[in-house]
Structure formats: structure tokens, C-alpha cells
Amino acid sequence: MNKNIILFLFTAFVLFPGCKKNTAADIKEWAQFQDQFFKVSFNYPKDWIVVTESKKVVISSSAEAAEKFFDHDSRKADGIQIVVASVRSDSMQNYTKYIQDIKDSKIAEGFNVKEIEGATIEGLAAKKVTYTGAYEENAKISTICVATLKDSTIYYVQYSAFNNLFEPYKVVFDSVMSSLLLPRKIVIEKGVDPAIPIVQTERYSDNYLQLEYPANFGASDMPKKGNIVSAVRFMGVNKDSRNDCTIDIDVRPAQKLTLEKVVEQNSKKINATSKGNTKIGDEKSVYFNESPQRGIERRTYFVVKNDKFFRIILTYYVPMKRDFLPPFEKVVASIRFK
């Protein structure tokens, strides 16, 4: 038997004595990745490390694992990594060539590469290649790469793991693939102001709520002040979008207060022109309308759910009220609390 193989088997025995099967993946909670510019979404382990670029997101099981994927240092802890990215394509067959090029390059590098297989991404035809290899004795890596084409863009998902982690954590790859939503082409009719919310929507979800918002808007995290536990803003992402037409949602601990008490405490800070009652996601809500400055109107909703106090603020430019308020109200109507 090859001495390297003997050494590898001995190392595996020392590290995992009496272990005949791969241990199950230790994933306590899942989160949904979303990005206002890349416009992809998928589920991933919540406590993993996320690094985003303009058209690429890399999610690693730990900071040390991320380093190991970069430098292949066998002394560093094993880990798992998921990459979701896109590259521009001018050919309907380029995604097949993309996978073929990966296969050829990995064969040239000495990897053990399986035959290319058919696959799907969000129902679209795709190609998949799987390969394994070793950078060092204790730095064996296994990878799956799947690519497809949508709207003249190649989208690919790459799942990699070191040593014995590949099989038990393949559930992460399966979760990404089953939950992955690719960007949809935004269509704005000729002559229509691109700043106005369109009918086409995207889904937003976090630990506290989910909703549907106009596809030409984006969600971005806002600074958390005081006891705020979550804060997000929805605003147009087009260069001609209005920064005075936004939806802001923040969440605070309710500290056992009722909706009525929350409204009583917060209404003192609002110079309201009118007040109303409604329901949001089957929960009672009180809202106030105000005009904080000339040409601007604002509506603020209050909701209490699961000992959390939600504040939803719609701000819009009065001359364009007909264009912004109805779509904003649809966003509010789509909210479901968790």
C-alpha cells in the first residue's frame, strides 16, 4: 500500500477514533441571504461568515476555514464554503463551456474529476461537475460546481469542503440549491419614470418578518440605535430614484408593553394630522399621518407581536403621492410577522 495512503488513514483514525460514519452537520439555525444589488437570495447557516462582492457572495463555515480555502494550509481547521456568483455571457451555450473549462482545468491540475452531469437551478437547465483532490496530505478538498444561464448571464453555485466534511455538510449545498432565487429582469415601460415602484416584486425575509417589495427597490440594513434589534430601509436603486420616498422598518423589544401603551408613548413624538386603525399580517396596528416638512408626508404604523415592537414608516414626496403611496401600502399589506 502507498505510504501516503497509510499516513492518511492513520491520521483519520487518530482524529476520529471509532468513527465509521461521517457525523451529521451541526447547523443550529438558517438565515436568508439577500443583497439589494446582486439580487439573489438563498438559505444558508446563520452563523457562517459572509463576504459579498458586486456579483458574488462567498459564505464560509468559519474565518479560519475561509483562510484555508485561500492558502490551503493543512494546519488550519477544516471547513465548508459556498460560492454563488454570476458572469456575463453572450452565448446561449456558454454555461456548458464554462463547466467544461472547469473540468479541463481541474484535470490539468491533477484532480479526480467526474463526468459532467445534467442539473437544474431554479428550474433552469444546468450542468454540474464534481471533483476531488489534495493540496497537502491533510488538505483534501471535494467540490461541486453547477452553472446555468438566465438573461444572458451565467449563474453558478460552488460547494466545497475539506477532508471528511463534504458528505455531512452537503445538506448546505442542497439547501442553497432548493431555495436559490436568481435575479429577475426588471422591465420598465418606455416613458415611465424609473423611480416609480413597479408591479414586479422581490421577497424580503429576516428573523422578524417577511414581505414583498417593488423589484426596482432594494433592501439595506440601517444603523441600530438604542435598543433597536433590527432596522431595514427599502429605497429605489435606480440612479434616478428618489431618496425622499422610502420604507423604513425597525424592531425593538416591547418589554411586555401592549400596543396601546406603545402608541401612547410614541405618539408624543409625532405631530400627527390624522390617526387610524388597521391590521397588518392579522395583527392590530395603529398608524399616524404627518407632514414633517414641506412637500413630504409620512405614515407611521405601530405593531406589537411576540413581545416585539414594530415601527413601519412610509415616507413619500407629496406631488408623487399617487405613484408611491399605493405601492407602499401593498408592501405593508404583504407583511407577515414571525
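The values are calculated or read from the model by the stated rules, or taken from the named source; none is laboratory data. For clarity, every value in this text was computed on a predicted model and none was experimentally measured. With ideal geometry, Cβ positions are generated from the backbone for all residues, glycine too; neighbour counts draw on all protein chains shown.
Quick check on the stretch 273-327: of everything there that is aliphatic (A, V, I, L, M) and part of a strand (DSSP E or B), which residue is farthest from Val251 (Cα to Cα)?
Among residues in the stretch 273-327 that are aliphatic (A, V, I, L, M) and part of a strand (DSSP E or B), the one farthest from Val251 (Cα to Cα) is Ile296.
Residue-level analysis places Pro223 outside the set of residues that are buried (at least 21 other Cβ atoms within 10 Å of the Cβ) and in a loop (DSSP other than H, G, I, E, B).
When residues of the stretch 105-121 are filtered for being within 13 Å of Ile141 (Cα to Cα) and free of Cβ contacts under 8 Å to residues at least 24 places away in the same chain, how many remain? Summing the residues that are within 13 Å of Ile141 (Cα to Cα) and free of Cβ contacts under 8 Å to residues at least 24 places away in the same chain in the stretch 105-121 gives 4. Of everything listed in (1) of a type in the set (Asp, Glu); (2) surrounded by fewer than 19 Cβ atoms within 10 Å (Cβ to Cβ); (3) in contact with a strand residue (DSSP E or B) (Cβ under 9 Å, 6 or more places away or on another chain), the single unmet condition for Glu189 is (3). Check whether at least one residue in the stretch 70-91 is of a type outside the set (Val, Ile, Thr), modelled with pLDDT under 95 and in a strand (DSSP E or B), and report yes or no. Yes; the residues of the stretch 70-91 include at least one that is of a type outside the set (Val, Ile, Thr), modelled with pLDDT under 95 and in a strand (DSSP E or B).
When Ile154, Ile198 are screened for being among the hydrophobic types (A, V, I, L, M, F, W, C), farther than 25 Å from Asp78 by Cβ and touching a helix residue (DSSP H, G or I) at 6+ places or on another chain (Cβ under 6 Å), only Ile154 passes. If I filter the stretch 79-92 down to residues being in contact (Cβ under 8 Å) with a residue 40 or more places away in the chain and not β-branched (Val, Ile, Thr), which single residue comes out as surrounded by the fewest Cβ atoms within 10 Å (Cβ to Cβ)? Filtering first and then ranking leaves Asp90.
Once the stretch 251-272 is narrowed to residues that are part of a strand (DSSP E or B) and out of contact with any Ser or Thr (no Cβ under 6 Å at 6 or more places or on another chain), the residue that is nearest to Glu297 (Cα to Cα) is Ala272. Candidates are the residues of the stretch 106-120 that are assigned to a helix (DSSP H, G or I) and touching a strand residue (DSSP E or B) at 6+ places or on another chain (Cβ under 7 Å); the one that is surrounded by the most Cβ atoms within 10 Å (Cβ to Cβ) is Lys106.
Within the bounds of the stretch 36-57, is there any residue that is in contact with a helix residue (DSSP H, G or I) (Cβ under 8 Å, 6 or more places away or on another chain), free of Cβ contacts under 8 Å to residues at least 12 places away in the same chain and not in a helix (DSSP H, G or I)?
no
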